Structures are given as C-alpha cells and as structure tokens.
Amino acid sequence: MTVPVGAEGPETQEQLDAFVRMAGRQGHRIARDSASTLVVRDDMVSFRALYNSLSQPSDVTGAFMPESRWFTYVHNAPAGSIHVVDNGAPEEGADPSAHRRRVTAATRQPMLSVIQGWSGSPLKVVAIFCHGDASWLQLGFQLNTLPSLAEALASKAAPDVRVILYACLTGASPAEESAFPRGANGASRLEQLRRLLTEQPAGAGGMAFTLRNLLVATNPGASVVAHTTAAHATQNPWVRRFAGPAGSAGEWIVPPAADGEEGFELWERWRHTLRDPFNSERPSPLLWRFPFMTGEQIRAHLEDLYTPEDD
C-alpha cells in the first residue's frame, strides 16, 4: 500500500525545523544568505508532490521533499510556503508510467487555489518540485492548461516573477526530448543538440518556453528556469533560463562544453558543485541559489570554490 509522504496542504514549521536539525547532525550545514537572515520572505511559494510514484518509489522522499525544504531554508521562507499537492495515490496493479503521468483538474486546482488566494507580498518566486517533460508537469499541467497557471499568477505575482521548475525535461522542446534517450547527457548529446538548435529556438514549444510566453504578456520581467534532461531534481546541470521577449530562445545557465572546448573547465566545476553540495572541502548551496544569480555571479562563485590545486 502506498501512503502519502506527509499531508496535503502547507508544511509546518516543526517539519522544517526537524529537517534542518537532522541535516545538521549529519554534517550538512548550509548557510542562508546573510541578507536573507534579516527578514522572513513572504514573496515565495513552493509546491511538491504528495505521493511517491510506482515507477520511482523514492522520488518524493529522496528528492522533492528534502530539496524543497533546503530551498525554503536557504532563502529564509517559512515552512508554510511549501505546499504539498495531492498527485493521486497509485492504485494497486496500475501501470507505473500511467500513474506518474496522470494529469487531472483535481490535481491542478489546489496549486491554482493557493496562488489565487495569495495574500502576502506579490510573488517573486514560484518553485515547483515534481516530475515533468517537454509537454507535461506532474502537478496537473499540460501545454494546453498552462494558461490557467499564467492567469493565476498575472494578478498575484511581481512583474519580474521567477518560476523555477525543478522538474525533468520541462526546459526542452518536444523535438529535443524525442531526439535523445533519457540519460543521454554526454558529448554525443551535446553534438546532436547543437545541430538541432540550428533549426529552432532552444526549448521551443516546451513547457518552460510556453509558460514564459504566457507570463510576459502580463508580467514583462518574468522568467522561467527549467531542466532540459531527465536527472535529479536539483543536481541536474543541463538548465536553461527563459526570459523575455515571447518566442525567444532559452539560454544556458552554464553553457555545456565537451572536453577540449572553451568553457569545459567551468562546465565541469558546475556539474561537480551541483552534484555534491555538502562536499567537506567545498560545500556550496549553488543548486538552490543559481536561479537568482547571473552567469558572472555563478562563474565568480565557482572560481572562489576551486583553486588550481583542486582541479
């Protein structure tokens, strides 16, 4: 029998405090930004799934739950800003793939209701931790229902709202997703990807691209950050940022590069830092902070972490 991981609705401060204490005992000490400790944010909301999937039975407990809590902790938002969405309990004997991809209005509505009823400061950050692909988001959305999310945000979000999709493949175009098998993240993928991008803007027609197009009509400074491959929710280095104007290509947070190419050292540092945030020599909360950083800030952070002797 599959049971929900927590309860539907906002998480409690006790849950977040217990998580941080537990993580601290394990030596996982990640500091908040010095500026963020001065004030508790009321302009940030996060969403994650309630149930593990049949096909990936530790997706919530191993990724979406702890990563949403770390994100909230690092940015000094209250635990109640994490909203748990009932993505539907899997039925015994159900097809695992079909359950993971189930999308219903009942799944979508709780998230929309939270945004529509938002009473804090205008939302500057909406972070989503769940499964996804180029045409689907686990918390109830497909390409044809994204307008409902954009409409909910139009009156509740700041003009420069950031939507962060910690969700696989949502930053890819449908053509990109179909062109590469899941897990194809090496040099061969990069070579094929470059050829494909001569034919269309990066991410064209995908979830992040489409949501950005909708948002900038009412929130002109809006941006969407999203992964382009299937990998860990926060440790995936293949990430794009979609900013205005509508129809423009997504841009790499850190451009991928193959061995021997310019930028390869930066790419390797980026990959390793995301993969090991609690490294005993180079701890870094970059995987939760990069959506708020410019390319130059990320480069400077990585240069500060590494010395020539470390490489």
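Among the numbered criteria (1) β-branched (Val, Ile, Thr); (2) within 16 Å of the chain's Cα centre (by Cα); (3) closer than 26 Å to residue 157 by Cβ, which one does residue 254 miss?
So the condition that residue 254 fails would be (3).
Mind listing whichever residues of the range 230-276 are acidic (Asp, Glu) and farther than 29 Å from residue 211 by Cα?
259, 261, 262, 265, 268, 276 - these are the residues of the range 230-276 that are acidic (Asp, Glu) and farther than 29 Å from residue 211 by Cα.
Just to be sure before I move on: is residue 172 aliphatic (A, V, I, L, M), surrounded by 21 or more Cβ atoms within 10 Å (Cβ to Cβ) and touching a residue at least 24 places away in the same chain (Cβ under 8 Å) in the structure I sent?
Answer is yes for this residue.
I'm trying to understand the selection: among the residues of the range 220-248, which are basic (Lys, Arg) and either more than 21 Å from residue 268 (Cβ to Cβ) or free of Cβ contacts under 8 Å to residues at least 12 places away in the same chain (or both)? Before the answer, list the steps.
Within the range 220-248, the subset basic (Lys, Arg) is 240-241.
Hits for the range 220-248: nothing passes.
Among the residues of the range 194-203, write down those that are more than 18 Å from residue 255 (Cβ to Cβ) and either crowded, with 16+ Cβ neighbours inside 10 Å or of a type in the set (A, V, I, L, M) (or both).
None; the set is empty.
Of the residues that sit in the range 270-311 and are exposed (fewer than 15 other Cβ atoms within 10 Å of the Cβ), without any contact (Cβ under 8 Å) to a residue 40 or more places away in the chain and within 24 Å of residue 44 (Cα to Cα), which one is nearest to the chain's Cα centre (by Cα)?
Here the residue is 293.
On the basis of being within 23 Å of residue 131 (Cα to Cα) and either surrounded by 17 or more Cβ atoms within 10 Å (Cβ to Cβ) or under 21 Å from the mean Cα position of the chain (by Cα) (or both), does residue 211 make the cut?
Details: within 23 Å of residue 131 (Cα to Cα): yes; either surrounded by 17 or more Cβ atoms within 10 Å (Cβ to Cβ) or under 21 Å from the mean Cα position of the chain (by Cα) (or both): yes.
Spelling it out, residue 211 is indeed within 23 Å of residue 131 (Cα to Cα) and either surrounded by 17 or more Cβ atoms within 10 Å (Cβ to Cβ) or under 21 Å from the mean Cα position of the chain (by Cα) (or both).
Considering only residues that are among the polar types (S, T, N, Q) and part of a loop (DSSP other than H, G, I, E, B), look in the range 118-145 and name the one that is surrounded by the most Cβ atoms within 10 Å (Cβ to Cβ).
Within the range 118-145, the match that is surrounded by the most Cβ atoms within 10 Å (Cβ to Cβ) is 138.
Given the conditions (1) touching a Phe, Trp or Tyr at 6+ places or on another chain (Cβ under 7 Å); (2) closer than 23 Å to residue 221 by Cα, report the number of the one that residue 103 does not fulfil.
Condition not satisfied by residue 103: (2).
When the residues of the range 75-112 are filtered to those that are modelled with pLDDT of 85 or more and among the β-branched types (Val, Ile, Thr), which remaining residue is nearest to the chain's Cα centre (by Cα)?
82
The values are calculated or read from the model by the stated rules, or taken from the named source; none is laboratory data. Nothing here was measured: the structure is a model prediction, and the numbers come from that model. A quick note on method: Cβ atoms are made from the backbone with ideal geometry, for glycine too, and the neighbour counts reach across all protein chains shown.
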